1. Run lengths n ≥ 4 of DSSP H only: what is the helix-derived mean residue ellipticity at 222 nm for chain A, with -39500 (n - 2.57) per run over all residues, to the nearest 500?
2. Using a basic spin-label model with each label point 7 Å from the Cα along Cα→Cβ, how many nm lie between B:V61 and A:A91?
3. Would you mind computing the Rg to Rh ratio of segment A:117-170 from its alpha-carbon coordinates, Kirkwood style for Rh?
4. Mind counting lysine pairs for me in chain A? Cα separation below 29 Å, and the two need to be 8 or more apart along the chain or on different chains.
5. Return the distance in nm (one decimal) between the two label points of a simple spin-label model at B:K47 and A:A133, each offset 7 Å from Cα along Cα→Cβ.
6. Given a Förster distance of 30 angstrom, what is the FRET efficiency for A:Q37 paired with B:A71, based on the Cβ-Cβ distance and rounded to 0.05?
7. In what sequence do B:Y6, B:Y79, A:Y164 fall when counting other Cβ within 10 Å, fewest first?
8. Let's test the formula: R0 of 35 Å, r as the Cβ-Cβ distance of B:W54 and B:R2. What FRET efficiency results, to the nearest 0.05?
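Bear in mind that the values in this text are calculations on the coordinates, not laboratory data. All figures in this text were calculated on a predicted structure; none of them were measured in a lab. Positions of Cβ are generated from backbone atoms using ideal geometry, with glycine treated the same way; all protein chains shown enter the neighbour counts.
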Amino acid sequence: MHISEGFLPASHAVGWTLVSAPIAAWSVRRVSRALRQEPRARLELAAVGGFAFALSALKLPSVSGSCSHPTGSGLGAILVGPAKMPAIGLAVLLFQALLLAHGGLTTLGANLFSLSVAGPLVSWTTFSLCGKAGLPSEAGIFSGTALGNLATYAVTAAQLAFAYPDPHSGFSAAFVKFASIFALTQIPLAISEGLLTVVVAKALRRARFSIAEASS
Amino acid sequence: MRFPDYLLLAFALLAALSGLFWNRLGARAEFAGSDGLVVKALGERAKPSFEPLWKPPSAEVESGLFALQAAIGGALAGYVIGRARGAKPSRVANTFDPVSYTHLTLPTNREV
């Protein structure tokens, strides 16, 4: 999901930065307020932030013969809510952009939007809908995480198609082209991340973290 | 229907490493990063307008830094789960029934 440094046309880089910057600033304020006011928030944020940090470093071989990585943001979206995820995503993406030349500063806005805004919103919405449908929370966590992972990559493909539309058939053909590079690779990894997140969420619940908070 | 954790983890591992079976099926896979493949698909049309400020000088340094990222994350998450579980009343202590030692301190009971 990382669009590499410098690969967005200047207008798109500025545009996505303008979209993501206020969201990130709002999220950082939400997080710092929660850290001051709720003693428990510190532990919850450390757990979901650590999970996101660890998972987004794991590059896994997939069935298409290419490598990709989980996003690690479904757990946080479900446990602490999607509003706090842009702050966590910002830390992950800055670490990778500055130390690993993975992603970049000019593409930070676009990458933050796919990883920490779109993905977590899909995860949280799916989880909430599963809860309303009376499904067990494991089903909601699994499908929320897996769909959030896929949504992140779908948004990346859309951002690329928007910047580099097909000369003949425009946005849709370009979107299909980019999405097909990600899709086959990402589906097994989305399933894997969904299963792992169920286990970690259960462990957190046994450690007396409530995962029902996010759905209220 | 509930699945035990070890089964979920086994399936997660199987799905995560599913690509490794790909080579055995005869497909010669290079396992290049999908982010890089997208850049390749852009072809001639895209030239990077901005270079990273700093790049890891070798693949070894890069893998080391990725390991550092995973280690920081794992340590944080593990610390929180461990701390929260440790804060619960110990299960070991609860498995022992209280024992009365009165018979040891009251010799008269024994001699009656």
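1. Working: 8 runs with 149 residues, N = 216.
Calculated at 222 nm, the ellipticity per residue is -23500 deg cm²/dmol.
2. Distance between the two pseudo-spin positions: 2.6 nm.
3. On the way: Rg = 14.8 Å, Rh = 12.1 Å.
We get a ratio of 1.22 for segment A:117-170.
4. Here the count comes out as 6.
5. Those two pseudo-labels are separated by 5.0 nm.
6. Numbers: r = 30 Å, r/R0 = 1.01.
For A:Q37 and B:A71, the calculated efficiency is 0.50.
7. Values: B:Y6 9, B:Y79 14, A:Y164 22.
In increasing order of surrounding Cβ atoms, one gets B:Y6, B:Y79, A:Y164.
8. Numbers: r = 48 Å, r/R0 = 1.37.
So the FRET efficiency works out to roughly 0.15.
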